[in-house]
Amino acid sequence: MMTSNVRFENLWRRLSLSGEASVWHARLLECYAEPQRAYHTLQHLEECLLILDDAKAVGLIAKPDLIEMALWFHDAVYDPQGNENEELSAQMAVEALGEGQLSREVARLILLTKSHQPGDGPNDAWIIDIDLAIFAQPMERVREYERQIRAEYAWVPEAVYVEKRAEILSGFVKRAQIYLTAWARERYESQARENLRALIDSI
């Protein structure tokens with residue numbers, strides 16, 4: 001299991017963190033199991049970690065452990081009706097990791113998943129591409145993802161949801177490139193565009 005306690009504790013040790021890794025692992029599992037979630041669950045986190053492992057295997061990521069820790073916390077707080085999820089998730093990461101350069105960098109990476117626009121960091125493009133890799137998965141999974149997003153926004157009237165969701169998905173299609181790393185573009189770009197167009201047509 002990609003989200004096992006063993007994996008998290010190994011990451012914790014590699015980053016030389018103090019405190020009880022198992023306590024934070026248990027808290028994260030509780031967060032990702034909250035009832036208001038349908039997409040932003042352990043399924044999404046596991047998919048992200050699997051893609052991270054694929055990218056690590058080719059040796060292109062400067063500091064993969066920082067990205068991994070940011071991925072663990074990037075959706076720790078998720079309220080479909082809230083607008084500070086990333087900020088609160090970043091705060092939780094700082095609480096867990098302690099004050100310092102490492103926790104500040106992890107928090108900064110988490111905040112990038114709000115706009116999906118990179119800053120100047122060497123890892124920025126990687127966390128964004130991993131978070132958006134869902135667009136390029138097999139169509140059955142992509143349609144499941146879309147149903148999960150709709151479930152999280154069940155409180156939004158259908159007409160409003162259709163309009164806003166189409167705007168969001170079209171925004172990604174209109175980008176010159178959805179994925180920022182050459183690795184992800186080669187693997188995902190073409191399929192993601194095809195899938196996104198299909199989703200927009202089906203909304």
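The values are calculated or read from the model by the stated rules, or taken from the named source; none is laboratory data. As the structure is a prediction and not an experimental result, all values here were calculated from the model. We place every Cβ from the backbone using ideal geometry, glycine too, and count neighbours over all the protein chains shown.
For Tyr78, the conditions (1) more than 22 Å from Ala154 (Cβ to Cβ); (2) in contact with a Cys (Cβ under 9 Å, 6 or more places away or on another chain); (3) modelled with pLDDT of 95 or more; (4) part of a loop (DSSP other than H, G, I, E, B) are fulfilled apart from (1). Within the range 171-187, restricting attention to residues that are outside any helix (DSSP H, G or I) and among the β-branched types (Val, Ile, Thr), which residue is surrounded by the fewest Cβ atoms within 10 Å (Cβ to Cβ)? Within the range 171-187, the match that is surrounded by the fewest Cβ atoms within 10 Å (Cβ to Cβ) is Thr181.
So that you can scan it fast, the table gives a plain yes or no per residue for (1) assigned to a helix (DSSP H, G or I); (2) surrounded by fewer than 17 Cβ atoms within 10 Å (Cβ to Cβ); (3) among the hydroxyl-bearing types (Ser, Thr, Tyr):
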position	(1), (2), (3)
Gly121	no, yes, no
Ala125	yes, no, no
Tyr145	yes, no, yes
Val156	no, yes, no
Glu163	yes, yes, no
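Checking each residue in the range 59-84 for being within 21 Å of Arg7 (Cα to Cα) and of a type in the set (Asp, Glu) picks out Asp65, Glu68, Asp75. Against the list (1) assigned to a loop (DSSP other than H, G, I, E, B); (2) in contact with a Leu (Cβ under 8 Å, 6 or more places away or on another chain), the condition Asp129 fails is (1). For the range 100-109, the count of residues that are basic (Lys, Arg), at pLDDT below 95 and assigned to a helix (DSSP H, G or I) is zero. Identification of helices (runs of 4 or more DSSP H) wholly contained in the range 1-73 with 1 or more residues that are among the hydrophobic types (A, V, I, L, M, F, W, C) and more than 19 Å from the chain's Cα centre (by Cα) yields 5-14, 21-32, 42-57. From the list Ile130, Ile149, Ile67, the lone residue that is modelled with pLDDT of 95 or more and farther than 27 Å from Lys164 by Cβ is Ile67.
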